[in-house]
Amino acid sequence: MKYRKLGKTNLEVSLVGFGASPLGAEFGPIDPAEGQRAVDAAIDYGINYFDVAPYYGRTLAETRLGEFLAGKRNQVVLATKVGRYDIGGFDFSAERVTASVDESLRRLRTDWIDIIQIHDIEYGDREQIIHETIPALQRLKQTGKVRFVGVTGYPLQQFVDIITHSDVDTILSYCRYDLLDTSLAEILTPIAKSEGVGLINASPLHMRALTNKGAPDWHPAPKRVLAASEQAAAFCRDQGVNLADVAMQFALASADVASTLVGMSKVRHVEMNVRATDMALPPELLLEVQRILEPVKNVIWKEGRPENDDPGAVEKQS
Ligand code: NAD
């Protein structure tokens, strides 16, 4: 496993990061024993970056991850979130996010969180995020409960504003640098690099759209995006290749993100995703997959408050 510095933090994170939302059954039920084995295997393969949130499985993912990391906490960089608690359940107030950190510490069975992130800031009021939420979390650094502060979300322009007007250590962006969308590289990477803000690229499989199993029912992407993804998966199968391998390899090739965060709850997926770090697929195959996906490239959906949408975003599942 290779490691990269996460922005100006002193953290070295693994190129492949462990996304723990599937541990909260976000993609369907999971076998907890297999989840434990997946976490153990990930650590054995050198994955040291783990991301979770109270929202995933409405606290289930944090509880399970805390259990699965027992005795191994010192070997990992642990990131969780505040502010989102249900589908429409957001509270970015200083009081709630401060209490939320204590609740996460208990569930995760730890005394400190390496990166505390504000979850899906596009659902919040930008002024509150900048003037209340971020400062409240920055103050918590002095208590030793958190080490670094980050933000997460889908639209990209909002992060440019956050970097310009506040003090954050990391940004987690999802579904914006993969085979279906590469806008992260144009919109956010240059300013994040120049300001020393660590970049985490989440959902390299576009929340399972870029796999043989295909997207879950709740997937927000427009139908034509999911149809093109299915076509790409079928093409890969015909070539004796797995689209997930192509997607992982594509995302991992970005030199500008510190860690690529993929959701896992099975040993088999851990092994596939680790293997993708040094797998050589024929370049013509990648070109053909990109040709299939070209008509839906960079098609984005509306997420959060309308004023926070990136230009050109379309209705979810349209
Ligand atoms: P993803 O693109 O990583 O896809 C995960 C799904 O693909 C799961 O169903 C998993 O079982 C399956 N999978 C994993 N490896 C596979 C493989 N090799 N072959 C076939 N299927 C495979 O989407 P994700 O889980 O949503 O994103 C990764 C992580 O990033 C999350 O778990 C979460 O920690 C984080 N994230 C954060 C935010 C946010 O903060 N707003 C949003 C999205 C994701």
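Points worth noting:
- Lysine pair count for the chain (Cα-Cα distance under 19 Å; residues 8 or more apart in sequence or on different chains): 14.
- For the chain, Kirkwood radius (reciprocal of mean inverse C-alpha pair distance, Å): 19.5
- The length gained by stretching the chain between GLU307 and ALA70 to full extension, at 0.36 nm per residue less their Cα-Cα distance, is 81.1 nm.
- With Cα atoms defining each centre, the range 169-205 and the range 250-308 are spaced 12 Å apart in the structure.
- Each residue of the range 67-72 is assigned a 3J(HN,Hα), and the resulting list reads 5, 5, 8, 3, x, 10 Hz, derived from the Karplus form 6.51 cos²θ - 1.76 cosθ + 1.60 (θ = phi - 60°), x at Gly and Pro.
- The relative contact order of the range 64-194 comes to 21 percent, based on Cα pairs under 8 Å that sit 6 or more residues apart.
- Going by accessible surface with a 1.4 Å probe and the largest first, ASP86, ASP278 read ASP278, ASP86.
- The chain, accessible surface, carbon-and-sulfur percent (1.4 angstrom probe): 50
- At R0 = 22 Å, FRET efficiency that the Cβ-Cβ distance of ALA234 and MET279 yields, to 0.05: 0.60
- Put a plus charge on the Cβ of each Lys and Arg, a minus charge on the Cβ of each Asp and Glu, and nothing anywhere else: the dipole of the chain about its Cα centre is then about 620 debye.
- For the chain, relative contact order (Cα pairs under 8 Å, six or more residues apart, normalised by length) works out to 21 percent.
- The chain - accessible surface per residue (Å², probe 1.4 Å): 40
- The chain: most fluctuating residue of GLN249, GLN128, GLN117 per GNM, C-alpha cutoff 10 Å: GLN128
- Compactness of the range 154-272 - radius of gyration and Dmax, Cα, Å: 15.2, 49
- Within the range 203-316: Cβ-based charge dipole about Cα centre, in debye rounded to nearest 20 (Lys, Arg +1; Asp, Glu -1): 360
- Gap separating the Cα centres of the range 1-79 and the range 128-163, nearest whole Å: 21
- Stokes-Einstein diffusion of the range 224-263 at 4 °C, 1.567 mPa s viscosity, Kirkwood radius from Cα pairs, rounded to a whole number: 114 µm²/s.
- With contributions of -39500 (n - 2.57) from each DSSP H run of at least four residues, the per-residue ellipticity at 222 nm computed over the chain stands at -10500 deg cm²/dmol.
- Across the alpha-carbon set of the range 1-150, the Rg to Rh ratio works out to 0.96, Rh being the Kirkwood radius.
The values are calculated or read from the model by the stated rules, or taken from the named source; none is laboratory data. Everything numeric here is computed off the predicted structure, so don't read it as measured data. In this analysis, Cβ positions are derived from the backbone assuming ideal geometry, glycine residues included, and neighbour counts consider all displayed protein chains. We work out accessible area using only protein heavy atoms, side chains counted, and drop any ligands, DNA or RNA first. Shrake-Rupley method; radii C 1.70, N 1.55, O 1.52, S 1.80 Å.
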